[in-house]
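Everything below concerns the one structure shown next.
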Amino acid sequence: MSVEIRPYRDENDLPAIQKLMAAHLSEPYSIYTYRYFLVTWGKLSHVAVVEGEVVGAVICRLARHKRGPLRGYIGMLAVSEDHRKKGIGTMLVKASVEAMKEAGADEIVLEAETSNLGALRIYESLGFLRDKLLERYYLSGVSAWRLKLWLK
Ligand SMILES: CC(C)(COP(=O)(O)OP(=O)(O)OC[C@H]1O[C@@H](n2cnc3c(N)ncnc32)[C@H](O)[C@@H]1OP(=O)(O)O)[C@@H](O)C(=O)NCCC(=O)NCCS
């Protein structure tokens with residue numbers, strides 16, 4: 001099985017990404033949220049393609065935080081069930097971290113459910129640290145870790 005990790009290209013990628021996120025993330029996102037991320041920061045976001053099919057995606061943005069650091073943010077990450085535990089999630093996050101670094105990011109943050117061992121494993125293996133516990137962060141009432149990677 002060969003996996004291609006490539007940046008988001010254009011709106012043709014959008015239906016597959018939306019389908020993936022809707023199936024695997026606990027929070028619902030509207031089309032405006034996808035466009036908010038992808039129109040401006042598409043080059044920072046990546047998809048994983050196997051045999052022509054999008055099987056994973058990571059969606060990011062990069063903006064100045066309160067006139068302070070240039071902060072990258074990983075908003076969504078998912079890999080389809082058939083392709084998990086093969087390193088695809090890690091490859092996607094690595095590709096986006098590199099793209100944000102190249103774009104000048106000082107730090108990168110995200111939130112992950114405290115019970116999401118797969119996500120915590122990926123981020124911590126790439127150097128992210130648990131910065132803050134966000135109690136009952138999600139609509140479901142589940143708590144999250146704010147994870148942070150300091151780049152400078
Ligand atoms: C989390 C997710 C993206 C992981 O994708 P993946 O492609 O399976 O991740 P990887 O194969 O790169 O796994 C990285 C490591 O985490 C481990 N891991 C993956 N899923 C795991 C799980 N459910 N429980 C424990 N460890 C897990 C892998 O074994 C691997 O460990 P290793 O470094 O020792 O080999 C995927 O499970 C998913 O899409 N989940 C649903 C959506 C989601 O939770 N997104 C994250 C929101 S913050």
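Since every read-out is calculated from the coordinates, none of them should be taken as a lab result. Quick caveat, the model's predicted, so the values are computed rather than measured. Note that we place each Cβ from the backbone using ideal geometry, even for glycine, and neighbour counts take in every protein chain shown.
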Mind listing the phi-derived Karplus ³J(HN,Hα) values for the range 40-52, rounded to whole Hz, using 6.51, -1.76 and 1.60 with θ = phi - 60°, and x for any glycine or proline? 8, 10, x, 5, 8, 9, 9, 10, 10, 10, 10, 6, x
Taking amide H atoms as placed 1.01 Å from N in the peptide plane, list the residues 5 or more away in sequence, or in a different chain, whose amide H sits under 5 Å from that of D131. R146, L147, K148
Using each residue's phi in the range 95-109, evaluate 6.51 cos²θ - 1.76 cosθ + 1.60 at θ = phi - 60° and report the 3J(HN,Hα) Karplus result to the nearest Hz, with x for Gly and Pro. 4, 6, 4, 4, 5, 5, 4, 4, 7, x, 4, 8, 7, 9, 10
If one computes the Cα centroid of the range 1-50 and of the range 95-138, what distance in Å separates the two points? 18
Using +1 on the beta carbon of Lys and Arg, -1 on that of Asp and Glu, and nothing else charged, what's the dipole of the chain about the Cα centre, debye to 20? 620
Kindly write out, for the range 126-132 in residue order, the coupling ³J(HN,Hα) from the Karplus curve 6.51 cos²θ - 1.76 cosθ + 1.60 (θ = phi - 60°), rounded to whole Hz, with x marking Gly and Pro. 9, x, 5, 10, 6, 9, 7
Å³ per residue of the Cα convex hull, for the chain? 114
Could you work out the relative contact order of the chain, using alpha carbon pairs under 8 angstrom and six or more residues apart, expressed as a whole percent? 19
Lys pairs in the chain, Cα-Cα under 23 Å, at least 8 apart or on separate chains: how many? 23
Over the range 18-90, what is the relative contact order in whole percent, taking alpha-carbon pairs under 8 Å and six or more residues apart? 27
Under a 5 Å amide H to amide H cut-off, with H placed in plane at 1.01 Å, what residues pair with G75 once short-range neighbours are removed? I59, C60, R61
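Provide the FRET efficiency to the nearest 0.05 for the S140-N12 pair, computing r from the beta carbons and using R0 = 30 Å.
0.40
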Under the helix-only model (-39500 (n - 2.57) for each DSSP H run of 4 or more, divided by the residues of the chain), the mean residue ellipticity at 222 nm, to 500 deg cm²/dmol, is -9500 deg cm²/dmol
